[in-house]
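What follows draws every value from the coordinates through simple rules; no lab data is involved. Only a predicted model underlies this, so the values are computations on that prediction, with no experimental measurement involved. Cβ sites come from the backbone with ideal geometry, for glycine too, and all protein chains shown count toward neighbours.
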Amino acid sequence: MAGKKVLIVYAHQDPGSFNAALKKAAVEELSKQGCLVTVSDLYAMDFEPRATRKDFTGPLSDPEHFNYGLEVPRAYQQKALSRDITAEQEKVRDADLVIFQFPLYWYSLPAILKGWMDRVLCQGFAFDFPGFFESGFLKGKRAVLSITTGGSADMYSKTGISGDIRCYLWPIQHGTLHFCGFHVLAPQISFAPGYASQEERAGLVAAWARRLAAIWEEAPIDCTAAWYFGQ
Ligand SMILES: Cc1cc2nc3c(=O)[nH]c(=O)nc-3n(C[C@H](O)[C@H](O)[C@H](O)COP(=O)(O)OP(=O)(O)OC[C@H]3O[C@@H](n4cnc5c(N)ncnc54)[C@H](O)[C@@H]3O)c2cc1C
C-alpha cells in the first residue's frame, strides 16, 4: 500500500501515554508499508476547539445575528475560513485513511477532538444539502476510531453497567463520519489499559499494529442503526 496517505488525528496530552504508544505504533507500521503518514497532534498544536466568529476572515453576512452554521458554507466557498481550519481540511482532502486516536471522555470524544470535528468537517467541505451520507463529500476515504477506555470490556458489553459501547459510537461514526461520506471501519477499542499488566498493554499495542498491517483489505462496517442497536 505504498503511497497511500494516512492522517492520524491524535488527542492526548502526554507523549508517555498509552494513546501515544498506539499512535507511535500506527506511524511505524504504516510508514513501514510505504504510506505517507501525517499526524495532527491536537494538544501540541493547541488546536482551538471553539466554533466562533474568529473562524471567519472576511465580513459576516449578518453581523447583527451571528449564525455559525449559516456563515460557514459561504465562508468556505469564499476561502474566508481561518488558516487553522483550512490546514486541517487540506490534510483530510489528501488522506485515503483517517485514524482518530483518543481516550474515551464521558462516553464520547475529548473536547479538543469534538472541536476539530465541529470546525474542520464543515458544510461545503465535508457535506452539503444535498451531499451527505452516501454522497457526502469525503466518500471514498476510510476512517477508523482507535479508542482507549477506563472501563473494562465487560462493563461495555450488552449486559455490563455501561451497556454496549457501540451505542456511544453512533453519533461519532454514523452521525459525523458516515454523514460526511467516510467508509467507517470497525473501531479499535483498547479497553482499560490503566488496569492492565505491562504484558497485556504490550499485547494491545501489538494487536493494533497487526491490524494495521492488513487495514487496506478490510471491508467497512454496515454503518446503519442495526450495527449499533441490533440484538
Ligand atoms: C475527563 C475524562 C473523562 C473520562 N470519561 C471516561 C468514560 O466515560 N468512560 C471510560 O471508560 N473512561 C473514561 N475516562 C478514562 C479514560 O478514557 C482513560 O483514562 C484513558 O482511555 C486511558 O488511556 P491513556 O492513554 O490516558 O492511558 P495512560 O494512563 O497514559 O496509560 C495507561 C498505562 O499504560 C502505560 N503505557 C504507556 N505506554 C505504554 C507502552 N508503549 N506499552 C505498555 N504500556 C504503556 C502507561 O505508563 C500507564 O501505566 C475519562 C477520563 C477523563 C480524564
Self-check item: Tally of residues being buried (at least 19 other Cβ atoms within 10 Å of the Cβ) and more than 30 Å from ASP128 (Cβ to Cβ) across the range 163-191
Solution: 4
Exercise. Answer yes if at least one residue in the range 175-189 is part of a helix (DSSP H, G or I), closer than 16 Å to THR148 by Cα and not β-branched (Val, Ile, Thr), and no otherwise.
Key: no
Quiz item: Of (1) more than 27 Å from ALA11 (Cα to Cα); (2) in a loop (DSSP other than H, G, I, E, B), PRO49 satisfies all except one. Which?
Solution: (1)
Quiz item: in a loop (DSSP other than H, G, I, E, B) and within 15 Å of the ligand (Cβ to nearest atom) - does that describe any residue in the range 72-94?
Solution: no
Quiz prompt | Counted residues, the range 7-16 - those being near the ligand (Cβ under 8 Å from one of its atoms) and free of Cβ contacts under 8 Å to residues at least 60 places away in the same chain | solution = 2
Quiz prompt | Matching residues, the range 193-223, being under 17 Å from ILE99 (Cα atoms) and either within 16 Å of the ligand (Cβ to nearest atom) or in contact with a Cys (Cβ under 7 Å, 6 or more places away or on another chain) (or both) | solution = LEU204, VAL205, ALA206, ALA207, TRP208, ALA209, ARG210, LEU212
Practice problem: Please find, within the range 128-163, the residue that is farthest from the chain's Cα centre (by Cα) out of those that are within 16 Å of the ligand (Cβ to nearest atom) and in contact (Cβ under 8 Å) with a residue 60 or more places away in the chain. | Solution: THR148
Quiz item: Which one is nearest to CYS167 (Cα to Cα), of the residues in the range 70-98 that are touching a helix residue (DSSP H, G or I) at 6+ places or on another chain (Cβ under 6 Å) and of a type in the set (A, V, I, L, M, F, W, C)?
Solution: ILE85
Practice problem: Hey, can you tell me all the residues within the range 190-231 that are in a loop (DSSP other than H, G, I, E, B) and over 22 Å from GLY136 (Cβ atoms)? | Solution: PHE191, ALA192, ALA196, SER197, ALA214, GLY230, GLN231
Practice problem: For residues that are buried (at least 21 other Cβ atoms within 10 Å of the Cβ), among the hydrophobic types (A, V, I, L, M, F, W, C) and assigned to a loop (DSSP other than H, G, I, E, B), tally how many sit in the range 105-146. | Solution: 6
Exercise. List every residue pair whose Cβ atoms sit under 9 Å apart, with the two residues 6 or more apart in sequence or on different chains, where the first one lies in the range 71-90 and is surrounded by fewer than 12 Cβ atoms within 10 Å (Cβ to Cβ) and the second, anywhere, is not small (Gly, Ala, Ser).
Key: LYS79/THR57; LYS79/THR86; ARG83/THR57
Quiz item: Would a scan of the range 211-231 turn up a residue that is aliphatic (A, V, I, L, M), surrounded by fewer than 16 Cβ atoms within 10 Å (Cβ to Cβ), out of contact with any strand residue (DSSP E or B) (no Cβ under 8 Å at 6 or more places or on another chain) and in contact (Cβ under 8 Å) with a residue 60 or more places away in the chain?
Solution: yes
